[in-house]
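**Q** Quick one: this structure, given as structure tokens, is what I'll be asking you about.
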Amino acid sequence: MDSEITIKNIDKTILERLKFEANQQGLDIKAMVLQLIKKSLGLEWIKDNVTSYHDLDNLAGTWSDKEFEVFSEKIASFNEVEKDLWE
């Protein structure tokens, strides 16, 4: 059985942050609050009707061409195969 809770006297700063975080994750404020409650109680494993995977959306398209070039150079070795490890 689902229940409801009313929270009164929420500080403007807290409300604005809730709205921001909810927007970043593609949730409404109620779903965001429920998610925060679950996390703070160690109950993240409890499933609800909201499934959203937008962990990196706020980073998409933010790198400059130079930043991408530097990053690509740093990870280039990940594509190299060490043949002696596979023999």
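Every number here is computed from the coordinates shown, using simple stated rules; none is lab data. Remember, it's a predicted structure, so these values are computed and weren't measured experimentally. A quick note on method: Cβ atoms are made from the backbone with ideal geometry, for glycine too, and the neighbour counts reach across all protein chains shown.
**Q** What does the helix-only formula give at 222 nm for the chain: each DSSP H stretch with n ≥ 4 adding -39500 (n - 2.57), the total divided by the residues, and the result rounded to the nearest 500 deg cm²/dmol?
**A** -13500 deg cm²/dmol
**Q** Once label points are set 7 Å from the Cα along Cα→Cβ at both ILE10 and ASP84, what is their separation, rounded to one decimal in nm?
**A** Reported label-point gap for ILE10 and ASP84 is 6.0 nm.
**Q** Once the dipole of the chain is set up with Lys and Arg at +1 and Asp and Glu at -1 on Cβ about the Cα centre, which of LEU41, LEU56, THR6 lies farthest towards its positive end?
**A** Sorting the options by dipole projection puts first THR6.
**Q** Right, something else. Roughly how big is the chain's charge dipole about its Cα centre, with Cβ charges of +1 (Lys, Arg) and -1 (Asp, Glu), in debye to the nearest 20?
**A** Dipole magnitude for the chain comes out near 700 debye.
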